[in-house]
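Notes follow once the structure below has been shown.
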Amino acid sequence: MMGCFRWTLWITLVLICRVSSQESDYDYDYEEPTNCSVAEKIKGGHVTYSQGGLPGSLLTYHCGPGQYPSPVSSRLCGDDGEWSPMRLASGRLASSASCKNVLCPGQLQLDNGDFWPRNQWFRVGTTQSFTCQDGFSSYGSPERNCTVSGDWTGSTPICDNHGDDCDDPGIPPGAERSGGQFDRGDKVTYQCQTGLTLLGSAERVCMAHREWSGSTPRCQGPNTFDSPSDVAAAMAGSLAGMMDVVSPDFKKQEEEISFGRSILVGEVSRMHIYILLDTSGSIKKEDFNLSREATIALINKLDSYDIQLNFHIVSFASEAKVIVDIKDTDISSSADEVISYLKDFNYNSHGQKTGTNLYSALQVIRETISFFKEQKESAFNETQNIIILETDGYSNTGTNPQIALAQIRQLLGYGDSLEDHTSERMLDVYAFGVGDKVNKKELNSLASKKSGEQHVFVLKDYQALGEVFNSIISDKSVTMCGIAQEDISQAAEKDSTVAYTRPWHVILTSPEWGTTKYCSGSIVSQRWVLTAAHCFNRFYGGHIPAEVTIEYGGGREGQVKAEEVQIHSNYNTNALKHRNVSQFFDYDVALVRTKEVIPLSWIARPICLPCTVAASRALKRINSTCEEHRQELLAHKETTAFFIHKKSERKQTHIHVDSQRPACVEKARRTLSEPTNVTLDEYVPDRFLCSGGTEGYQDALSCKGDSGGSVFLQKRKRYFQVGLVSWGTVDICDPNKRVSKPPPDARDFHIDLFKITPWLKQHLGKEVQFLPEIP
């Protein structure tokens, strides 16, 4: 298939807040209302009333920092003049309220380590410390403090020796884990202590690519809420990742777009934002107004990205009502129009039908997705669907909402797994719980569970929700690095160019090199290609040819000419020649600037470079550091990586780091000629990554034409370049040697991009945004 694939991003927002479980779709005989008492008290705190003692007034209990009201935080005044009853967790009625101290759940289990003190619960301000046994490295925080929100500072402690296929996935505070083997196919399960709810995946499996299925679990107490700043940071990363995936065809146009009133599916953008607002009886007017303002903040934030969006807004109670129809493109494509319609919506439009029917809301999504599938099958298959639910998790009317989500998954061709959705590339379900009566278990069952991501959040109230959406940081840019189409079968790959699975890969040729010699490279921006420095002296004595052609899309789709070549100033193949080393490849890196802009499409896109803002976005880790990039991308002592062989074949190898690197580098000694006093550390400095010879694998080796190409790996369905193919101990493609398979001692060496980021920034800084820490 030629040309660009188009993507649709569907984001659905459901807003619900539970303040009372007493709802009804029935009318009652009218009785003269009686006022409630305004002399209520809470021990250790104070009380406020939304409308005094009038029926419908909300009584709210308030406590100081580090405390929470018990057994309830609010009560509703009924027509009978009585405040709604207070019940303990056991279901028994309570006669009075009091302020209780917030507690943090303690660390209950740390495999291969120890912790102190060994308590189940900790008061605010107290500390728990962690140590690891000999032979195990410590990860996470060695010490954590209990905060006023009932959460811990720092990150979960882990003791790991990296002896298994997968790293130790950790055990959150308040949880116990069964299963201690972490090889491929092994399973671990988690259980929270009584009184805590597990959010994330209760079961995780070590997958073939050495990552854990599902999402990281955590145990949350009934009076614990997520920090708005933490949620905003997580959502900022997710939104950046979502926007990056969209085809450049759907960037905003400078001129105003008008499609007319008719239903023209082909003219609707491929990014659909579905917002579902709960207007049921449990949502008081002031809460609805706060939810509406929060939604407006989200719409403005989404609209700030340089992507054309269309919105679909639905209000629901016992039934669903459409406020903005996505098919009315004059309205749905304009954020100002969408906000205007939202502001004009009447809070009382549902009348007496005040139930909470989340199923009906999700059915609206299902019906709309089904409509687009029927109208445009090809566009539907290229659609990324994002559903954001903001709900208390309780549905008292209609069918189980999980059924509607299952139907959506069926439409998209996915299974019905409850614990792992990592493979659901085209669907993400984010679940927000609002209020202290959230059914966290049901909320967690609706959220996606993907490796390395968080999709379920619990916020205290709609004011916190507004804070989240208002504080999301958007840089408004769309980088789209490291995106490729899905892999196809090897048989199809050899005789078909339908899928572009390596759009960053290019081939460099020159008439001065002849017809058989070439080098590889990678697109890192629309005007720059990264390749090896030795490409410009191996063939022609250091002379940069007058004409260099850069072929992309396999050479059949397009080509551009080189305008200039920047070789690293420290590159010198003769640097150790006086010590009997004929060739030395330290700093073997070059950048080639093109005369024309490389047009971005599925055929040609840049790969993600580490230590850049684009990489942080792709990893969905906004504000992460360069070291955090390295820890995530080179997470194992033997990290699976790939390179492109003979222009088009993707080959697998393993990069050896940390304690595994010395044995790998040792194999380079055989290429040194005696006599020489050059040490291995001089010959193979830490600017080289070493690959090959991994036990249990048949690691591929590179050939001369592969030089300059990317050494890359995949994370979060995005591709990142960590190295650049430089040299190897054996050229298995040499026709005179006729090597049938790589010798066991053969190794490849690649320039480590983490070690040359300042040089990359020096030349790419105007087009690629590097992290602020890079000098």
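Here are a few things to note about the model shown:
- Protection proxy ranking, highest mean first, for peptides 716-726, 681-691: 716-726, 681-691, where packing is the per-residue count of other beta-carbon atoms within 10 Å, averaged.
- For the stretch 42-101, the Kirkwood estimate of hydrodynamic radius, built from reciprocal distances between every pair of different alpha carbons, is 11.9 Å.
- Rounded to the nearest 5, the antiparallel percentage of DSSP beta bridges internal to the stretch 490-764 is 100%.
- A crude spin-label estimate for the pair GLU367 and GLN352, with each label 7 Å from Cα along the Cβ direction, gives 2.4 nm.
- Rg over Rh for the stretch 103-220 works out to 0.96, both radii taken from alpha-carbon positions and Rh defined as the Kirkwood radius.
- Calculated from backbone phi, Karplus (6.51, -1.76, 1.60) coupling profile of the stretch 37-42 in Hz, x at Gly/Pro: 5, 10, 10, 5, 9, 9
- The relative contact order of the stretch 566-616, computed from alpha carbon pairs under 8 Å that lie at least 6 residues apart in sequence, is 27 percent.
- Listed residue (THR126, ASN112, TYR190) projecting farthest to the positive dipole end of the stretch 103-220, Cβ model: THR126
- In this rough spin-label picture, where each label sits 7 Å from Cα along the Cβ direction, the THR194-SER659 distance is 4.2 nm.
- 26 Å Cα-Cα threshold exceeded, pairs from LYS41/LYS440; LYS517/LYS766; LYS321/LYS343: LYS41/LYS440; LYS517/LYS766
- What the Cβ-Cβ distance of ASP134 and ASN381 gives, at R0 = 35 Å and to the nearest 0.05, is a FRET efficiency of 0.05.
- Cα Rg over Rh - the stretch 323-433, Kirkwood: 0.98
- Length added when fully stretched, GLU767-LYS577, from 0.36 nm per residue minus Cα-Cα: 64.7 nm
- Once Rg/Rh (Cα atoms, Kirkwood Rh) is calculated for the structure shown, the corresponding label among (i) 0.96; (ii) 1.29; (iii) 1.02 turns out to be (iii).
- Inter-label distance, nm, simple model (7 Å from Cα along the C-beta direction), GLU143/ILE774: 3.5 nm
- Peptides 338-349, 749-760, 96-107 ranked from most to least packed, by the mean per-residue count of other Cβ atoms within 10 Å: 749-760, 96-107, 338-349.
- The overall shape of the stretch 490-764 is rounded: from the C-alpha gyration tensor, with semi-axes ordered a ≥ b ≥ c, the ratio a/c is less than 1.5.
- A cut-off of 5 Å between modelled amide H atoms, ignoring neighbours fewer than 5 places along the same chain, links GLU767 with no other residue.
- Contact order normalised by residue count of the chain, Cα under 8 Å, 6+ apart, percent: 11 percent
- Sorted ascending by nearby beta carbons within 10 Å, beginning with the fewest, ILE296, ILE774, ILE622 become ILE774, ILE296, ILE622.
- Theoretical FRET efficiency, 1/(1+(r/R0)^6), r = Cβ-Cβ of LEU88 and ALA635, R0 30 Å, to 0.05: 0.10
- Relative exposure of ASP328, ASP731, ASP278, ASP80, judged by other C-beta atoms within 10 Å (fewest first): ASP80, ASP731, ASP328, ASP278
- In degrees, nearest ten, helix 228-245 long axis to first principal axis of the chain (Cα): 50 degrees
- Using C-alpha pairs under 8 Å with a sequence gap of at least 6, the mean separation divided by the residue count of the stretch 490-764 gives a relative contact order of 20 percent.
- Per-residue 3J(HN,Hα) values for the stretch 215-222, derived from phi via the Karplus relation 6.51 cos²θ - 1.76 cosθ + 1.60 with θ = phi - 60°, read 10, 4, x, 8, 10, 10, x, x Hz in sequence order (x marks Gly and Pro).
- Beta bridge orientation in the chain: antiparallel %, DSSP, nearest 5: 70 percent
- For the pair the stretch 673-738 and the stretch 370-416, the centres of their Cα atoms are 45 angstrom apart.
- 0 to 90° range, to nearest 10: angle between helix 285-303 axis and the chain longest Cα axis: 20 degrees
- Packing-based ranking, highest mean first, of 222-235, 597-610, 127-140 given that Cβ atoms within 10 Å are counted: 597-610, 222-235, 127-140
- Dipole magnitude (debye, nearest 20) for the stretch 42-101, charges at Cβ of Lys, Arg, Asp, Glu: 320 debye
- The stretch 608-647-the stretch 277-293 distance, computed between alpha-carbon centres (Å): 42 Å
- Computed over neighbours whose Cβ is under 11 Å from that of LEU576, the net charge equals 0, Lys and Arg +1, Asp and Glu -1.
- The calculated 222 nm mean residue ellipticity attributable to helices in the chain amounts to -5000 deg cm²/dmol, summing -39500 (n - 2.57) over DSSP H runs of n ≥ 4 and dividing by all residues.
- Fewest-first sequence of ILE655, ILE544 by Cβ atoms within 10 Å of each Cβ: ILE544, ILE655
- Computed FRET value (nearest 0.05) for THR516 with ASN161, which takes r as the C-beta separation and R₀ as 45 Å: 0.40
- Gyration tensor verdict on the stretch 622-702 (Cα atoms; rounded if a/c is under 1.5, prolate if a/b is larger than b/c, oblate otherwise): oblate
- Karplus-derived 3J(HN,Hα) values for the stretch 360-369, using 6.51 cos²θ - 1.76 cosθ + 1.60 with θ = phi - 60°, are 5, 5, 5, 5, 4, 5, 4, 5, 5, 4 Hz; glycine and proline are entered as x.
- Remark: the chain carries a charge dipole of roughly 1620 debye about the Cα centre, counting +1 on each Lys and Arg Cβ and -1 on each Asp and Glu Cβ.
- Residue-count net charge about GLN407 - beta-carbon cut-off 13 Å; Lys, Arg +1, Asp, Glu -1: +1
- Only Lys, Arg (+1) and Asp, Glu (-1) charged, at Cβ; the stretch 490-764 dipole about Cα centre in debye: 580 debye
Only the coordinates and a few stated rules stand behind these numbers; no lab work does. This is a predicted model, so every value here is computed, not measured. Quick reminder, even Gly has a Cβ in these numbers, built from the backbone with ideal geometry, and neighbours come from all protein chains shown.
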